[in-house]
Ligand code: SAM
Ligand code: SF4
């Protein structure tokens, strides 16, 4: 195998993977490789994998097969294949043994990708799944050009060990990046074109500089000239401090949106999940958040069909949804993850048809509230950050402060902030009319 000249990075799963994928692309570009939009035409393909739910590993093996077939159909040599992300961490050597890939690199070790690729070019399959505490960020190249919205990973790993979740095993212990490095990277992102930054972490609100929490970082970013919007995700209820809640009342650039997963509405299920919060303690946090920022859009994650979940316990999840009236949510069927405690509860597994029916009912309830939240914005005007072109000529799509997609006809360009009258609402988006031409 020769040194690759072109690369393609494909990321699956969460926003943190998207961020990691961007950083890996920057690493490859810094080595002089050229990006290719077509995975079948690239010399090096990095599959940045996710292990959180169903059949993730099998999907990776199928994708490897597809890539090799695609190259053969084009009459090209087999591409160099690097498996990154959480499946790489969980499967390790097994992927090299089973699929003969060239590189396996874990989420904490991808700063070593150039060396691993160089070794693989010499014909030596190479693997790095070490988990050094946060060493990688210091070893990555400076940020390149980015779009109007950018991700910034501030915290990695998780110490919470929810019984269904693989993250503490694949991403390691909770580690926070340093305050100075984050402020520098945020400024670099703004210089590279970002007007909105979303701070990321598996438990982003567990970020700490040793003394102060996430609100301290948010307040520092509030002062960065050229940055107009700050968001953060994903938060854990137990790390939702009053300081962070108060930031929603007084930090102007902090958007009125909070993603705070609850997973289930029954205390027995929450305990079996090792969530370390109760239904009531979760609801009381939301009361305080709404007191600080009455118009806040609330979001959450739900798992249905956790082992042993009864019909009555599922009803408690539905009643919580109606009590909170979420603006948007993610909901999943429980998926046993190898190596996690819940995967051992096989006697209590819920039949798939029961879990599917619960998921349908939950999603119907969530959709009703999402539609109602969207309709409540009609008649108001708000700022929209233009992110991309729409399907029709002259149509642009941007985001409201509450993270809804807003479709409008405008001459404004990507990256402009436009004041928009909201005139219609659907389940997944709003329609608007631009009021004032964007400030440059
Ligand atoms: N740290 C966040 C929290 O505590 O809620 C969540 C991060 S996790 C990567 C994203 C979501 O995936 C979780 O909130 C949960 O709803 C879902 N999830 C995790 N493990 C799962 C599993 N085994 N089956 C189904 N959904 C799962
Ligand atoms: Fe997974 Fe729970 Fe950690 Fe979230 S808090 S990443 S769900 S173990």
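Here, each number is a calculation from the coordinates, and none is a lab measurement. Source: prediction; values computed, not measured. Quick reminder, even Gly has a Cβ in these numbers, built from the backbone with ideal geometry, and neighbours come from all protein chains shown.
Given the peptides 416-424, 82-90, arrange them by the average over their residues of other C-beta atoms within 10 Å, most packed first.
Going from most to least packed, we get 82-90, 416-424.
Measure out, as a whole number of angstrom, how far apart the alpha-carbon centroids of segment 63-133 and segment 1-57 sit.
10 Å
What FRET efficiency comes out for residue 392 versus residue 367 if R0 is 30 angstrom and r is the Cβ-Cβ distance? Round to the nearest 0.05.
0.75
Assuming a viscosity of 0.890 mPa s and a temperature of 25 °C, what translational diffusion coefficient in µm² per second does Stokes-Einstein assign to segment 85-202, Rh being the Kirkwood radius over Cα pairs?
155 µm²/s
Give the distance, in whole Å, between the Cα centre of segment 305-321 and the Cα centre of segment 282-299.
For segment 305-321 versus segment 282-299, the Cα centre distance is 23 Å.
State the dimensionless ratio Rg/Rh of segment 349-435 (Rg: radius of gyration of Cα atoms; Rh: Kirkwood radius).
1.16
With a 10 Å cut-off between alpha carbons and a GNM built on the chain, which of 180, 267, 128 moves the most?
Sorting by GNM fluctuation, first place goes to 180.
Measure out, as a whole number of angstrom, how far apart the alpha-carbon centroids of segment 224-244 and segment 159-216 sit.
Centre-to-centre distance over Cα atoms comes out at 10 Å.
Who wins for biggest fluctuation among 354, 190, 384 in a Gaussian network model of the chain, springs between alpha carbons below 10 Å?
Highest fluctuation of the listed residues: 354.
Just check segment 7-53 against the gyration tensor rule for me: Cα atoms, a ≥ b ≥ c as the square roots of the eigenvalues, rounded for a/c under 1.5, and otherwise prolate or oblate depending on whether a/b exceeds b/c.
It is oblate, given that a/c is not under 1.5 and a/b is not larger than b/c.
Report the Stokes-Einstein translational diffusion coefficient (µm² s⁻¹, integer) for segment 245-323, Rh taken as the Kirkwood radius over Cα pairs, at 37 °C with viscosity 0.692 mPa s.
244 µm²/s
Quick check: residue separation of residue 137 and residue 97 times 0.36 nm, minus the Cα distance between them. What number comes out in nm?
11.4 nm
Full-extension gain between residue 144 and residue 211, please, as 0.36 nm times their residue separation minus the C-alpha to C-alpha distance.
21.0 nm
Only Cα pairs within less than 10 Å get springs; with that Gaussian network setup on the chain, which residue of 195, 358, 284 has the largest fluctuation?
Largest GNM mean-square fluctuation: 284.
Ordered by packing density, taken as the mean number of other Cβ atoms within 10 Å over each peptide's residues, highest first, how do 288-295, 228-235 rank?
Result, highest mean first: 228-235, 288-295.
When the gyration tensor of segment 126-267 is built from Cα positions, what are the square roots of 5 times its three eigenvalues, in whole Å, from largest to smallest?
24, 22, 13
Restricting to the chain, what percent of DSSP beta bridges are antiparallel, rounded to 5?
DSSP beta bridges in the chain are roughly 35 percent antiparallel.
Ordered by packing density, taken as the mean number of other Cβ atoms within 10 Å over each peptide's residues, highest first, how do 112-118, 148-154 rank?
148-154, 112-118
So for segment 250-403, what percent of the C-alpha to C-alpha distances run longer than 29 Å?
Considering segment 250-403, 29 percent of its Cα-Cα pairs are separated by more than 29 Å.
With only alpha-carbon atoms counted, please give the Rg and Dmax of segment 1-155, in Å.
14.5, 43
Using only the Cα atoms, work out Rg/Rh for the chain, with Rh taken as the Kirkwood radius, to two decimals.
In the chain, Rg relative to Rh is 0.97.
Can you tell me the relative contact order of the chain? Whole percent, Cα pairs under 8 Å, sequence separation 6 or more.
Relative contact order of the chain: 10 percent.
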